[in-house]
Each structure stands twice: as C-alpha cells, then as structure tokens.
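The values are calculated or read from the model by the stated rules, or taken from the named source; none is laboratory data. Small disclaimer: the values here were computed from a predicted structure and weren't measured. Cβ: placed from backbone, ideal geometry, glycine included. Neighbour counts: every protein chain shown. Ligands, DNA and RNA are stripped out before the accessible areas are found, and what is left, the full protein with its side chains, is counted by its heavy atoms. Shrake-Rupley method; radii C 1.70, N 1.55, O 1.52, S 1.80 Å.
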Amino acid sequence: MSTRKAIIGGNWKMNTNRSGAVALARGVAAESGSCADSVDIVLFPPFPYLSDVAQAVESTSGIGVGAQDFYTEPDGAFTGEVSLAMLKDCGCTWALVGHSERRHVLGESDVLINAKLHAALEAGLNVILCVGETLDQREAGQTDAINFAQLSYGLAGVSAEQMSRIVIAYEPVWAIGTGRTATPDDAQNAHAAIRQSLAHKYGQTIAETVRIQYGGSMKPGNASELLSQPDIDGGLIGGAALKAESFAGIITAAAG
Ligand code: PGA
C-alpha cells in the first residue's frame, strides 16, 4: 500500500474570467476543503486571476495555487514574460512545466523545459513536470521511450534531494481534452515504467516517494478506477476542473 499523499491539480488553462475564477476557487474550497488532509489540491488559474484566486483559498489549508507558465530570468527586458518572483508575490507555491500544450502548441523545447524546471526549484517552488506521448507515438509502440526521454531531458541536473519538490504528471497527448482516457491498465503500465525509470536514476527509495499524476480527460466517472491503480497518485485535470462540483468529485475519489 502506497503511503504517497494524493495530489489533484486543476489546470484552468486559458479559461474563466475574474468573477468566475474567484467563484470557482471558493466553490473548490467549500466542496473539497474537508479533503485537504488526505489530498493536496493545487489550482492553476490564468495569470491575471492568480492573486484573486490565492486570496479566495488562503484560509483553506491544503489548497495551493500555481502558475501555468513563467520565464526563467529574474527580471529585465523580456516583454510579455512573467518572472517567478512575481508569481510568488501573487501567492504561487507551485508551477507547471512541460505541459503538452506548451510542448506541442507553443513549441517549447526539452532544453527550455529543463531550464524552467531548474529556475522554479531555485525560486523555491514545487513543480509538476508533465510528460506524455502523442497518438502516433503510442501506435508506434513508443510510449515508454517518449516518457523516458522527456523525463531524462526534463530532470537533467536535478538532484535526488530536489525530487521531493517534484511531481510527475503522465498525460498522454491524445487523451487531453479529447474525452478519450487511457484505460486504467494502460495508465498504470506507463506510471509503473516512469517509476522504474526514476528508480534507475535516483534509486528505489526515492522513486517510491515521487508522486505520479495521471492527466487526460479524468472526470468523476473514471477517477476512482484510475486512482485505485498502485502507481497513480493523483490527477492533473483540465476540463473537469472548471466546475467545482466535478473537480470535487475527483478530489473525493482521491481521498478514497
Ligand atoms: P483534460 O486536460 O482533463 O481536459 O484532458 C488535462 C490537462 O491538460 O492537464
């Protein structure tokens, strides 16, 4: 039986508006605050609403706020970019790195992803590093190879000690926002292989402590089965995180 604490992230992407974001955050706190002892909950709102959301949940322990993206440099002439210090100022304690939309839609390279991960760790944030294969790669039997490569590039230069502040999210690209979910068996196999690769790099003891989330069309109806797999320690939720009720359904499933 795993002793890893479940972690559920809500990645709001480029959705909500100011009042909707605050209402959603309050709804999550009201519906799920009581699970916060057994589940870590992290909300990832769009940049402009971070402070409002952080304020809305600040009195509910166990709910953190994170940044969907950031720039690696501390300050300077980088028009349009947002620094980690600014995000911490807004109440962020978490950051997402390597999300498939940043890799495949915004064109982020493995080198940039690794630089971002190091910058976030140096700034004192906790990081969710996302990995996952495309449909073509899955059909070509490359799922584990892609995950290993993204882990190896993403975690280059990361120490065993720093792994306590890193969560891995396995998000098959073909399952994100599509309504198609990996079967519990397929997801478990990918998670077990990811843990094996962490064991290879950091040793079994550390690998057993790292939490690995599943992401890709997780919803209340499929969460329990996915979360009951031995190597699935939580979820990174997109669409179903935009309604407090469905997000709460997943958190309740994670609280077991
Ligand atoms: P989804 O998104 O739950 O809408 O599939 C997951 C994610 O992108 O993190």
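Between a first residue in the range 68-91 that is touching a residue at least 24 places away in the same chain (Cβ under 8 Å) and a second residue that is in a helix (DSSP H, G or I) and loosely packed, with under 14 Cβ neighbours inside 10 Å, which pairs have beta carbons less than 9 Å apart while being 6 or more apart in sequence or on different chains? Once the first residue is touching a residue at least 24 places away in the same chain (Cβ under 8 Å) and sits in the range 68-91, its partners that are in a helix (DSSP H, G or I) and loosely packed, with under 14 Cβ neighbours inside 10 Å give LEU84/GLU122.
Considering SER152, SER109, SER100, the condition of being of a type outside the set (Phe, Trp, Tyr), open to solvent by less than 60 Å² (accessible area, probe 1.4 Å) and more than 13 Å from GLU171 (Cβ to Cβ) is satisfied by SER109 alone.
If I filter the range 229-251 for residues that are out of contact with any strand residue (DSSP E or B) (no Cβ under 9 Å at 6 or more places or on another chain) and among the hydroxyl-bearing types (Ser, Thr, Tyr), do I get at least one hit? No, because not a single residue in the range 229-251 is out of contact with any strand residue (DSSP E or B) (no Cβ under 9 Å at 6 or more places or on another chain) and among the hydroxyl-bearing types (Ser, Thr, Tyr). Residues that are assigned to a helix (DSSP H, G or I) and of a type outside the set (Asp, Glu) within the range 28-52 comprise VAL28, ALA29, ALA30, SER32, GLY33, SER34, CYS35, PHE47, PRO48, TYR49, LEU50, SER51, listed in sequence order.
Hey, does the range 178-201 have a residue that's within 16 Å of the ligand (Cβ to nearest atom), closer than 21 Å to ALA120 by Cβ and among the charged types (D, E, K, R)? Checking the range 178-201: not a single residue is within 16 Å of the ligand (Cβ to nearest atom), closer than 21 Å to ALA120 by Cβ and among the charged types (D, E, K, R). All of VAL111, VAL97 fail the test of being of a type in the set (Val, Ile, Thr) and under 20 Å from GLY10 (Cβ atoms), apart from VAL97. Answer yes if at least one residue in the range 225-248 is touching a Leu at 6+ places or on another chain (Cβ under 7 Å), surrounded by fewer than 24 Cβ atoms within 10 Å (Cβ to Cβ) and closer than 30 Å to SER159 by Cβ, and no otherwise. Scanning the range 225-248, I find no residue that is touching a Leu at 6+ places or on another chain (Cβ under 7 Å), surrounded by fewer than 24 Cβ atoms within 10 Å (Cβ to Cβ) and closer than 30 Å to SER159 by Cβ, so the answer is no.
The residues of the range 31-46 that are within 23 Å of LEU227 (Cα to Cα) and modelled with pLDDT of 95 or more, listed by number, are VAL39, ASP40, ILE41, VAL42, LEU43, PHE44. Restricting attention to the range 178-189, the residues that are over 20 Å from the mean Cα position of the chain (by Cα) and part of a loop (DSSP other than H, G, I, E, B) add up to 0. Evaluated against (1) modelled with pLDDT under 95; (2) buried (at least 17 other Cβ atoms within 10 Å of the Cβ), THR143 falls short on exactly one condition, (1).
Considering each residue of the range 68-78 in turn, at least one proves to be within 16 Å of the ligand (Cβ to nearest atom) and under 19 Å from THR16 (Cα atoms).
Please tell me if GLU101 is part of a loop (DSSP other than H, G, I, E, B) and of a type in the set (D, E, K, R). No. Can you find, within the range 202-217, the residue that is nearest to ALA175 (Cα to Cα) among those that are within 12 Å of the ligand (Cβ to nearest atom) and open to solvent by less than 10 Å² (accessible area, probe 1.4 Å)? Among them, the one singled out is GLY216.
On the basis of being touching a helix residue (DSSP H, G or I) at 6+ places or on another chain (Cβ under 9 Å), open to solvent by 60 Å² or more (accessible area, probe 1.4 Å) and not in a helix (DSSP H, G or I), does GLY157 make the cut?
Yes: the conditions hold for GLY157.
Going through the range 190-248 one residue at a time, which ones are closer than 26 Å to ALA21 by Cα, in a helix (DSSP H, G or I) and in contact (Cβ under 8 Å) with a residue 60 or more places away in the chain? Answer for the range 190-248, where residues must be closer than 26 Å to ALA21 by Cα, in a helix (DSSP H, G or I) and in contact (Cβ under 8 Å) with a residue 60 or more places away in the chain: GLY239, ALA241, ALA244, GLU245, PHE247, ALA248.
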